[in-house]
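Novice: Next up is a structure, given as structure tokens.
The values are calculated or read from the model by the stated rules, or taken from the named source; none is laboratory data. In this text, all values refer to a predicted model and were calculated from it rather than measured experimentally. Virtual Cβ from ideal backbone geometry, glycine too; neighbours counted across all protein chains shown.
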Amino acid sequence: MPTAVSGRPAELPGERPAGNLAALGHRPAAPRGTGWAVRWIGALAICQAALMVGIGLLITGPAHGLWPMTVEDQVNSAFERMRTPTLTALSSIASEAGNTETVIAVTLVSCLGLLLLPKLPRWRQATFLALAVSLQSLVFLVITVAVDRQRPDVHRLDGSLPTSSYTSGHTGAATAVYGGLAVLVLSRIRSPWRRVMAAALFLVPILVGIARLYRGMHHPTDVVGGLVNGGLSLWIVGRAVLADGFLTAPPASAAGTMPQATAEGHEQRSGHVAVIINPTVTDAGDRDALRQVLARYGHHAPEFIETTADDPGGGQTSEAVRNGATLVVVCGGDGTLRAAATALAGSTVPLVLIPCGTGNLLARNLGLPLSAAHALDAALRGTVHRVDLGRIEADGLPPTHFAAMCGAGLDAAMLQRANAHDSTKSLLGWPAYVLALPRAWRRTPRMTVDVRLDGAPAVRRTARMVLIGNVGAVQGGMRLLPDARCDDGRLDLLILDPHGLGGWIRALWTLLRGTASPQSAANTPGEQQGAHAPVAFFTFRRAEFTFDRAQPRELDGDPVTPGHRLSVEASPGALTMLLPAREK
């Protein structure tokens, strides 16, 4: 049985992983479109403001008499007593680094440099920095209106300011601008001094915060609040703007399960094109755009076939192939893709994925453009690849495949809850899933499940959720399965089983970090590997799950009939896809 770890999942004896797309130097990441970025930043900015305001009201209200608020006056008095002319001059310089005029000037100069100097990154990085500083400032203004906190009762070196003491605007602005520059240095500069440069930039907001305390302008929790506000702004905007999607290149040859990719020219692929289109997520404009792109590549008479509520795409795809289609374009969400992929499993007819749904998990992991016309154009200029699928059998369900993920427990309950409120999902997109999570968590108790991987003895354990993935990243760029690859001939498993507040914090930290870290786990088959870990990862080719009671289940983001059993198997290279070529 493969070993449960929170590092790289164990391999079966005598076998090696097949080649994968990421081995060519690109790691799958969620691509970013303008509409997606606006929704992400808008939804998370509201959450950020609500969180910061809530903390401020807590500090000035019920928690006023609790630590550390009870010792803040002593800290401010201690800073007042240590004042000297030299330290006062130094604190003035440090404080000015977070002043509004300074922050605006540094932001403008940095953005102009990013845009104009030829050897530096361009508009994406400039947008990241400008939006991070702007978001921090916007949330800061909301906080100062909602939370009225008096400044410390010490002599203030900068006089009385019109804004509230909570949070420290200087510290928050400095965190956004200098922290943002540090992120760009770490991610975009290859100099051996980049870590030193980044450390120096990260140190600036700390010095600004200390200077604001020294000058009597803020309580310690105000400075911490500024650091948090600036840090959240960087994370939210960075996820939306900097997490570049990757474009696949022809995969390396792999021994064993993975077929070799072919690099046929477009002229050799010309022929009858069938466009399987979900009418609920597309419109006439999408069809016209797709038709124009196809015409540029010599496909002047594509056949557009709509899915229906009774047939989400599988029947239409099978019929199109029987009628001679040499290319199938699937325009819809994860459900439409799953139905079409099931029909094409094992076929040599290539599929082009046009992501038009809410989740678009496979598209995000492959780094496909989220614009219909751009996705089709990039694919038609690309090459043929073989991508894995997962094959699933379960009580109450016909045998089928999934392209991205399937699972049981909390995630399925969350999806079911979100789908029950279509208006919210239509308005917000995937953030509706986040809003559905708290109620799903309350209504989904811990399960007991027997897990059997690759023929090893079954292991009984508890869990809040089991998630099986052909890919690892979900919306927002979070990698729930850090080592999952859609071309390695295997599937990855996440078992989530946190106990208590500490367990949930550790689980959330592991998942947000996006990389697996070692945890203690038994290595002998038959023992409860990772039974006490809040998050445990496995890899397998075939798995069987038997639940003590019927569990909510989902396939590629679509809730399906609850049941007691799941049998999942990897289908290496089962789907032929036409994917964009890697950018040089």
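Novice: Against the definition (surrounded by 22 or more Cβ atoms within 10 Å (Cβ to Cβ) and at pLDDT below 90), how does V208 come out, yes or no?
Specialist: no
Novice: For the range 303-328, what are the residues that are assigned to a loop (DSSP other than H, G, I, E, B) and buried (at least 20 other Cβ atoms within 10 Å of the Cβ)?
Specialist: Result: T307, P312, G313, A325.
Novice: Evaluate the following for V466: is it touching a residue at least 40 places away in the same chain (Cβ under 8 Å), more than 28 Å from R39 (Cβ to Cβ) and buried (at least 23 other Cβ atoms within 10 Å of the Cβ)?
Specialist: It is true that V466 is touching a residue at least 40 places away in the same chain (Cβ under 8 Å), more than 28 Å from R39 (Cβ to Cβ) and buried (at least 23 other Cβ atoms within 10 Å of the Cβ).
Novice: Here's something else I'd like to know. Which residues, counting only those in the range 278-311, are among the charged types (D, E, K, R) and either under 22 Å from N323 (Cβ atoms) or under 32 Å from the mean Cα position of the chain (by Cα) (or both)?
Specialist: Here is the first cut: in the range 278-311, the ones among the charged types (D, E, K, R) are 283, 286-288, 291, 296, 303, 306, 310-311.
Matches in the range 278-311: D283, D286, R287, D288, R291, E303, E306, D310, D311.
Novice: Hey, another quick one. Against the conditions (1) basic (K, R); (2) at pLDDT 85 or above; (3) not assigned by TED's automatic domain parsing to the domain that holds V329, where does K425 fall short? Just the number, please.
Specialist: (2)
Yes/no per residue for (1) modelled with pLDDT under 90; (2) over 26 Å from A295 (Cα atoms):
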position	(1), (2)
T317	no, no
V329	no, no
A340	no, no
L344	no, no
S347	yes, no
N365	yes, yes
A372	yes, no
L376	no, no
T400	no, yes
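Novice: Only residues that are of a type in the set (A, V, I, L, M) and under 13 Å from Y297 (Cα atoms): list them for the range 368-384, please.
Specialist: Matches in the range 368-384: A373, L376, A378, A379, L380.
Novice: Just the residues that are in contact (Cβ under 8 Å) with a residue 60 or more places away in the chain and either touching a helix residue (DSSP H, G or I) at 6+ places or on another chain (Cβ under 8 Å) or of a type in the set (A, V, I, L, M) (or both), please, taken from the range 60-76.
Specialist: Hits for the range 60-76 are P68, M69, E72, V75, N76.
Novice: What number goes with the only condition from (1) within 14 Å of L555 (Cα to Cα); (2) surrounded by 17 or more Cβ atoms within 10 Å (Cβ to Cβ); (3) modelled with pLDDT under 90 that G396 does not pass?
Specialist: It fails just one condition, (2).
Novice: Let me ask another. Out of L120, L131, L114, which single residue is of a type outside the set (S, T, Y), at pLDDT below 90 and closer than 30 Å to A43 by Cβ?
Specialist: None of the other options fit; the residue is L114.
Novice: Given the conditions (1) within 27 Å of the chain's Cα centre (by Cα); (2) at pLDDT below 80, report the number of the one that V535 does not fulfil.
Specialist: Checking V535 against (1) within 27 Å of the chain's Cα centre (by Cα); (2) at pLDDT below 80, the one that fails is (2).
Novice: Could you list, ordered by first residue, the pairs with Cβ atoms under 6 Å in which the first is in the range 151-177 and more than 23 Å from V204 (Cβ to Cβ) and the second is among the β-branched types (V, I, T) and not in a loop (DSSP other than H, G, I, E, B), at least 6 apart or interchain?
Specialist: Pairs found: S164/T144.
Here is a yes/no grid of residues against (1) aromatic (F, W, Y); (2) loosely packed, with under 13 Cβ neighbours inside 10 Å; (3) more than 19 Å from D158 (Cα to Cα):
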{"site": "F79", "(1), (2), (3)": "yes, no, no"}
{"site": "M82", "(1), (2), (3)": "no, yes, no"}
{"site": "G98", "(1), (2), (3)": "no, no, no"}
{"site": "V103", "(1), (2), (3)": "no, no, no"}
{"site": "V106", "(1), (2), (3)": "no, no, yes"}
{"site": "S110", "(1), (2), (3)": "no, no, yes"}
{"site": "S137", "(1), (2), (3)": "no, no, yes"}
